[in-house]
Amino acid sequence: MHVPDVSPRNRLDVRVTGGVVRGVRDGRILAWRGIPYAAPPVGSLRFRAPRPVLPWTGIRDASQFGNVSPQPYRGQFRGAAANVPAGEDCLTVNVLAATVTRRKRLGMPVMVFIHGGGYSAGSSQDFPGQGETFVRSGQVVYVSFNYRLGALGYLNFSRYSTSERPIESNLGLRDQVAALDWVRANIRGFGGDPNNMTLFGESAGGNAVTTLLTTPSARGLFARAIAQSPPPNAVYTKEHSDGWAAEFIALLRTDTAKPGDDLANPVPANELLESAPVASLNRAALIMQVRTPDSQPGTFCLAPVVDGDFLPERPLDAFTGGRSHPIPLIIGTNAREGSVFRGRFDILPKSPNRIRSLFEHAPPTSTEAMGLAYPGLPEARIAADFAGDFAFWFPSLSVACGHSQVASVHAYRFDLAPRLLHLLGFDATHGIELFALFDNVRTPFARTMTALGGRAQFSKAGERMRRHWLRFALIGGLDASWPDYSPSSRQTLIIDEFDRVESDPHRERRLAWEAFLPLG
C-alpha cells in the first residue's frame, strides 16, 4: 500500500477545503495564517451558525493573520493589539509546522489552542510567537484560530428568531466546532495526524475546552484535552440568556436611535440585530459586561447557553453524570486566580455586596465553614481568593472528579510568580502561566514582570510545562512524577520553583465550597 508523504518540508502550497493556500517559511518553521474555515458570517449570516467555506480560484496568500473578531477594547490585557485588523469576517485558522520533524508515518500529533479573553476580547495572535516553541521541538503541528466574540458570538438572541430571519444559539461554540471539523479534514496536508489532536485553551478558552468535552457535535474531533484556568460553570440557562438578550436589545435601541424614529412601531429585534453597526453592538455588550456582575453576582453574560439542542445540558451536570467525552484530560488553575480582576475588569464576586449575595443564596448551615476557610472576608486580598476559587478553582475540581469516571485526569496548580508580581499583590494570578508556557519571558511585559528577579525560574517552569504538554499530546499520558487525579487521592502537581505533588491541596476550602455551592 502506498502511503503519501505528509511531511510539510519544503511544501508551502497546500490544498485545503476551498482551494490552495501558500504559506511562508521562517527559519525552521512553516506558517500558514488566515485560512478561512467557514464562510464570512456577515450580512444575513451575522447571527447564523457557521456555513461552509466559500471556494476561491488560484493560490490564496496565507502569510498574514486574518481579522480578529470585533471587540470593544484593545491592547495589553484588554484584547487584541490595537494595530491588528478586526472585522466580522474573522473565522480563520492558522497552522505552524516544522521543516525538520520527528514525524510518524501517517503524520504528527496536532495541538489546537483556543484563546481566552472572557469571550469578549483576544485573538489567536495574542502572544508573539505563540506555539513556535512547541513546533520547534519537531514533534507536533500547532493550530490556532479566531472565533466570534461578544454579542456576535456569546449572547443568545434565538428568542428573536423567525422563519424570515433565523437566529441560532451558541454561535461562538459552533464556530469552535467548525474550526475543529476543518482541522480534522485538512491537517494531514500540513503533516498532522487528524486522529491525534490535543485541544487546549486558557480562561474562556479553557471554558471552551470543558464545554466542548460535553458538546455532542464535538465528540470524536479531538483525542485529548487540556483546560488551563477554566471557569467551567460559566454556562447558563436559556432563561438567563433570554433576559440578557432583552436587556441588550433595549441598550441597542438606545444606541442606534435617530431623530424621527417611530417609537410606537420599533424595528423588529432581529432586523435591528442584523443592521446595527458593529460599534453599537460592542458598546451595548460592554455595558452588559459591567452591569451583570452587580445585578446577578456570580454570573457573566457572555457565555455558552444550555439551549437543549447544540448544548443539551449544563457541562458540570454532564461531567458529574459521567457523560463527558471519554478522553484524557489535564486541568488546573493558578494559585491566586482572582487577584488580577481589578477596576473595570472586576467581573468576579469580590465586592462586599456581591459576596453578600452569594451568601444569601447558600445553605445557612454552610456559611460558618466558608467564613473559617476565608478568614477576614470580605477584606480585599481574601475576597480575591474567594472569588477566584468560586469562578475557577472549585468548579475545575468538580470537572476533574466527574471526568475521572470516564477517562484519566491529571490536575495541577501553578504557584510560581516573579518577585515583582508578589510585591504588587498579584502573585501567581490568572493568565500568568501562559508567559511561561509559550516561552514569552523576553517580551517587554515579561521583562518588566521579571525585572526584580525570577526570570530564570519562571522560564524553567515553562520548559517543564511544555515537556508535560508535549508528552501528553504525543502519547496521551504523563510520566510517573505526575499521578492521576481521583476523588479519593486528589493528587495535584504544584508547579513552582521546585515542583511537587500534593494530595487534596486546600482541603478545608474544598469542603467549605462543597457545602456552600454544591456543583455536583
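Taken together, the values in this text are just the output of simple stated rules run on the coordinates, not laboratory data. Here the structure is a predicted model, which means the values were calculated and not measured. Methodologically, a virtual Cβ is constructed for each residue, glycine included, from the backbone with ideal geometry; neighbour enumeration extends over all protein chains shown.
Let me know the shape class of region 238-295, please: from the alpha-carbon gyration tensor, a ≥ b ≥ c as square roots of the eigenvalues, rounded when a/c is under 1.5, otherwise prolate if a/b is greater than b/c, or oblate.
prolate
If you average the alpha carbon positions of region 414-437 and of region 123-143, how far apart do those two centres end up, in angstrom?
Region 414-437 and region 123-143 have Cα centres spaced 22 Å from each other.
Roughly how many Å is it from the Cα centre of region 262-286 to that of region 324-355, as a whole number?
Here the answer is 32 Å between Cα centres.
Please report the projected area of the chain's Cα convex hull averaged over all directions, in nm².
For the chain, averaging the hull's shadow over all directions gives 25.5 nm².
Please state the shape class of region 134-214: rounded when a/c is under 1.5, otherwise prolate if a/b exceeds b/c and oblate if not, all from the C-alpha gyration tensor.
prolate
Can you sort Ser489, Ser357 from fewest to most other Cβ atoms within 10 Å of each residue's own Cβ?
The fewest-first ordering by Cβ neighbours comes to Ser489, Ser357.
Can you tell me the convex hull volume per residue for region 13-228, based on C-alpha atoms, in Å³ to the nearest whole number?
119
Quick query: amide H of Val20 versus all other amide H atoms, modeled in the peptide plane; which residues come in under 5 Å with a sequence gap of 5 or more or a different chain?
Result for Val20 returns Arg60.
Could you work out the relative contact order of the chain? I mean the mean sequence separation of Cα pairs under 8 Å and 6+ apart, divided by the number of residues, in percent.
So the answer I get is 13 percent.
Contour minus end-to-end for Ser488 and Thr254, with contour as 0.36 nm per residue of separation and end-to-end as the Cα-Cα distance?
78.8 nm
Take the alpha carbon atoms of region 311-375, find their radius of gyration, then divide it by 2.2 N^0.38 Å using N residues; give the quotient.
My calculation over the Cα atoms of region 311-375 gives 1.51.
Any chance you could check the Cα centroid distance between region 36-70 and region 450-520 for me, in angstrom?
38
How would region 352-449 be classified by its alpha-carbon gyration tensor: rounded, prolate or oblate, with rounded meaning a/c under 1.5 and the a/b versus b/c comparison settling the rest?
Oblate shape, in that a/c is at least 1.5 and b/c is the bigger or equal ratio.
May I ask what percent, to the nearest 5, of DSSP beta bridges between residues of the chain are antiparallel?
The antiparallel fraction comes to roughly 35 percent.
Name the long-range amide H neighbours of Val112: under 5 Å, sequence gap of 5 or more, or other chain; modelled H, no Pro or chain starts.
Val143, Thr198, Leu199, Phe200
Looking at region 13-228, send over the antiparallel percent of its DSSP beta bridges, to the nearest 5.
Of the beta bridges lying entirely in region 13-228, close to 45 percent run antiparallel.
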